[in-house]
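Taking it in order: structure first as structure tokens, then the write-up.
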Amino acid sequence: MNSFAAISSDASLSNASPSNVSPDVAPPLAARQLSLSYGRGSARRTVIDALDLELPAGQVTAIVGPNGCGKSTLLASLARLHVPDQGAVLLDGHDIQRLPAREMAQRLALLPQETHAPEGLTVAELIRFGRQPHQSLFKQWSRDDRRVVDEALAAADLHALADRPLDAMSGGQRQRAWIAMAIAQQTPLLLLDEPTSALDLGHQLEVFELIRDLAAAGKTLAMVVHDLVSACRFADYLVAMLDGRIVAAGRPSDVVTTALVRDLYGVECTLMQDPATGSPLLTNIRSARHSRG
Amino acid sequence: MKTRTLTPPACPMNRPDAGVTPPPGSWRLSWALGERDYSILIERRACFVCLGLLAALLAVSLLSLCLGTLTLSPREALAGVFGYGDPVSAFVVQELRLVRLAAGVATGAAFSLSGCLMQTLARNRLATPGIVGIDNGATAFAVASVVGLGTSLAPPPMALAGAATATAITFALANDVGTRGYRFIVTGIGVGAVFGALTQLLMARVAIDTANAAYPWTVGSLNARDGAALVWLWCGLAIGLVVACYLSRAMRILRFSDAVAQGLGYRVRACRYTALVVSVALAALAVAVAGPVGLVGLIGPEIARQLSSHRGVSLIASALSGAIVMVAADLVGRLLLAPIEVPVGIVTAIVGAPFLLWILLRPAPRFQS
């Protein structure tokens, strides 16, 4: 993690410097006054509203919030899937809208929520697609490609399943294969949109543990997570969004309060500390309307 | 810790990438130029499929040179191709059948390649130029040119203009292709119907002889081919095949969702638009030669897909399958009710319509999300 921070500090070219930038380490990925809206004319709806965000280097950031708060849109904007109305996303201090697509894919990998693969594609074949940003028409397969694909298979513990078609695998294994493809991209940054949605508890854990391993290996990760408790448990940095704005950001144990939970989800709860890990736990959840009377 | 690989030594005898094991099922061709290594991967199965299809195409072509009102033996037909043998068969082969064969091969390959590109870029197996009304647009404009309505342009440029117009209208109404491929198809069917009606209107309003001259354009036939249009088509096909080879890597990625493709560093919109332009141009040039035989664009890619592996998009195999289907359909049309000739468009429609139904009724997982 420290070695990575040292690598990314050469990005201090960032001249846009709001007050909250720590002077020593520039963030690998940051949003500055980012605004985005959908639709035209009277149907126009602001989804992200003048938002500032910095991903801490070498850590796992979780973005949480109620449905429709703009968290997935934010993640997509960070990966340049949307063009912002105003503001910018800075990758190592450079506006991502000006980066060539290929260069961007060498520095930032995205695992979107909706992933479907061509029928019959095997795990190893999927992971090989992750090498695309490093290949070209006349440089289609190198020793590096081969080594990195092997490493990605090993990192996601998929060696035994390498030749299995994706359709024939469990949800957790499939999700690990997609993450392995992102690993094969060899990017210092990885963004994941709800990587554990539609997975049961055991498979969720598989994926979250892989994400922790990647952070331990020095990557900077950000993920949109639906479940607040999992977010607290597996993220180093929590970003809570409401109506296109960030309402709280910081270490999970610092930012999660009963007031925040009420604001985000409209529920009352009792907060406890996980005796084993110290992360916040939500108990005794009830609708805020009823308890107010 | 991040490990960096050492920069490759400049010594050409010790190239780091020499002898890398390729992924299973592929051959790796590599060469060196100066200090840089180059490599391409060739999928074995795709290679075999293309060779097999090429052999089949040669067989069908030979058959089509041999059979007809005057039946020749393969030896006589080949002798005719190269200009010796008896003068009558040489004339039949060179002046009649060879040109017709060239038209059949080119239109079949163009329709099919065009269909495969459009299916891939719209992520839907129904999205072929024939279905989304591009053929109809090209036909309407070409017929307008034949009946001499307000223009002195020859059919090929008019067909191009018509195809471009139909595509532009479909695009404007459907609000882009891609994420909403279904909407693109439905809009295209509507636009195609309008152009089809326009063609009928044009035919109804001119003298019977002019309408007769324009008739082959509306059913699709290799009988009414025009020499200049055929040259245009072969040039377009040559360019289209080169661009298709270049696009084949991008086409593989376009089978994933847009977000995945973009995440892998592809400029999805640019890839789509390039493929779309090639697809529309090929369809238009083919219509200018043979009229709307667009169902070949549906059948050809499907045959290629059944034969090929899931790893890539079989553009070349599609072109070859399309050529085979076209030549075979034309041959059947010529022989079926001889001496009356059934236009090739009608033969492909008789075969293609049940095929279309089969695609609709069969669960279609390949392009669906």
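Rule-based calculations on the coordinates, nothing more; no lab input. Just so you know, these numbers come straight off a predicted model, no measurement behind them. Positions of Cβ are backbone-derived with ideal geometry, glycine not excepted, and every protein chain shown enters the neighbour counts.
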Within the stretch B:266-347, which trypsin sites (Lys or Arg not before Pro) sit in a loop by DSSP and count at most 16 neighbouring Cβ atoms inside 10 Å? B:ARG267
A correct Karplus calculation of ³J(HN,Hα) over the stretch B:88-104, with 6.51 cos²θ - 1.76 cosθ + 1.60, θ = phi - 60°, whole Hz and x for Gly and Pro, returns 5, 5, 4, 5, 4, 5, 6, 7, 9, 6, 5, 5, 5, 5, 4, 5, x
Along the dipole axis of chain B (charges at Cβ: +1 for Lys and Arg, -1 for Asp and Glu; origin at the Cα centre), the most positive-end residue among B:GLN262, B:LEU51, B:ALA166 is B:GLN262
Indicate the gyration tensor shape class of the stretch B:69-343 (rounded, prolate or oblate), computed on the Cα atoms with a ≥ b ≥ c the square roots of the eigenvalues: a/c under 1.5 is rounded; otherwise a/b larger than b/c is prolate and the rest oblate. oblate
Relative contact order [Cα under 8 Å, 6+ residues apart], chain A, whole percent: 22
What does the helix-only formula give at 222 nm for chain B: each DSSP H stretch with n ≥ 4 adding -39500 (n - 2.57), the total divided by the residues, and the result rounded to the nearest 500 deg cm²/dmol? -22000 deg cm²/dmol
About the Cα centre of the protein assembly as shown, what is the dipole size in debye to 20, counting +1 per Lys and Arg Cβ and -1 per Asp and Glu Cβ, all else neutral? 420
How big is the antiparallel share of DSSP beta bridges in chain A, given as a percent to the nearest 5? 60
Residue-normalised 222 nm signal for chain A, counting each DSSP H run of n ≥ 4 as -39,500 (n - 2.57), nearest 500 deg cm²/dmol, is -9000 deg cm²/dmol
Which residues qualify? For B:ARG255, with a placed amide H closer than 5 Å and at least 5 residues away or on another chain, they are none
Considering the options A:THR283, A:VAL247, A:TYR237, tell which one lies farthest towards the positive end of the dipole of the stretch A:233-293, charges being +1 on Lys and Arg and -1 on Asp and Glu at the Cβ, about the Cα centre. A:THR283
Starting from the amide H of A:VAL247, placed 1.01 Å from N in the peptide plane, find each other amide H under 5 Å away whose residue is 5 or more places distant or on another chain. A:ALA240, A:MET241, A:LEU242
Computed E for A:ASP254/A:GLN113 - FRET, C-beta separation, R0 30 angstrom, nearest 0.05: 0.60
Sequence order, the stretch B:41-49: Karplus ³J(HN,Hα) from phi using 6.51 cos²θ - 1.76 cosθ + 1.60, θ = phi - 60°, Hz rounded, Gly and Pro as x, gives 9, 10, 7, 4, 4, 4, 4, 5, 4
Find which of B:SER64, A:GLN97, B:LEU33 sits farthest along the positive direction of the dipole of the protein assembly as shown, computed with +1 on the beta-carbon of Lys and Arg, -1 on that of Asp and Glu, about the Cα centre. B:SER64
Honestly the stretch B:276-369 on the Cα gyration tensor test (a ≥ b ≥ c root eigenvalues; a/c under 1.5 rounded, otherwise a/b vs b/c for prolate or oblate) is just prolate
Which of the three applies to the stretch A:89-242, rounded, prolate or oblate, going by the alpha-carbon gyration tensor with a ≥ b ≥ c and a/c under 1.5 meaning rounded? oblate
Cβ-placed point charges (K, R +1; D, E -1), dipole of the stretch B:253-369 about Cα centre in debye, nearest 20: 480
Charge tally in the Cβ shell below 14 Å around A:LEU34, where Lys, Arg are +1 and Asp, Glu are -1, A:LEU34 excluded: -1
5 Å is the cut-off here: which amide hydrogens, built 1.01 Å from N in the peptide plane, fall below it relative to A:LEU192, excluding neighbours closer than 5 in sequence? A:LEU111, A:ALA222, A:MET223, A:VAL224
For helix A:171-184, what angle does its Cα long axis make with the longest principal axis of chain A, in degrees from 0 to 90 and rounded to 10? 70
Residue order, fewest to most beta carbons within 10 Å, for B:TRP27, B:TRP217, B:TRP234, A:TRP178: B:TRP27, B:TRP234, A:TRP178, B:TRP217
For the stretch B:240-249, Karplus couplings with θ = phi - 60° (6.51, -1.76, 1.60), whole Hz, Gly/Pro x: x, 5, 5, 4, 4, 4, 5, 7, 4, 5
extent check for the protein assembly as shown: Cα max minus min per principal axis, descending, whole Å, gives 96, 68, 44
DSSP beta bridges in the stretch A:162-262 [antiparallel fraction, %, rounded to 5]: 50
When chain B is treated as a GNM, springs tying every alpha-carbon pair under 10 Å, which of B:THR199, B:THR107, B:THR21 comes out with the largest mean-square fluctuation? B:THR21
To check you understand DSSP bridge types, tell me what percent of the beta bridges within the protein assembly as shown (both residues inside) are antiparallel, rounded to 5. 65
Averaged across the residues of B:32-42, what count of C-beta atoms belonging to other chains lies within 10 Å of each residue's C-beta? 3
Test item: Cα-centred dipole of chain A, Lys/Arg +1 and Asp/Glu -1 on Cβ, debye: 540
Which whole-number percent gives the relative contact order of the stretch B:69-343, counting Cα pairs below 8 Å spaced six or more residues apart? 32
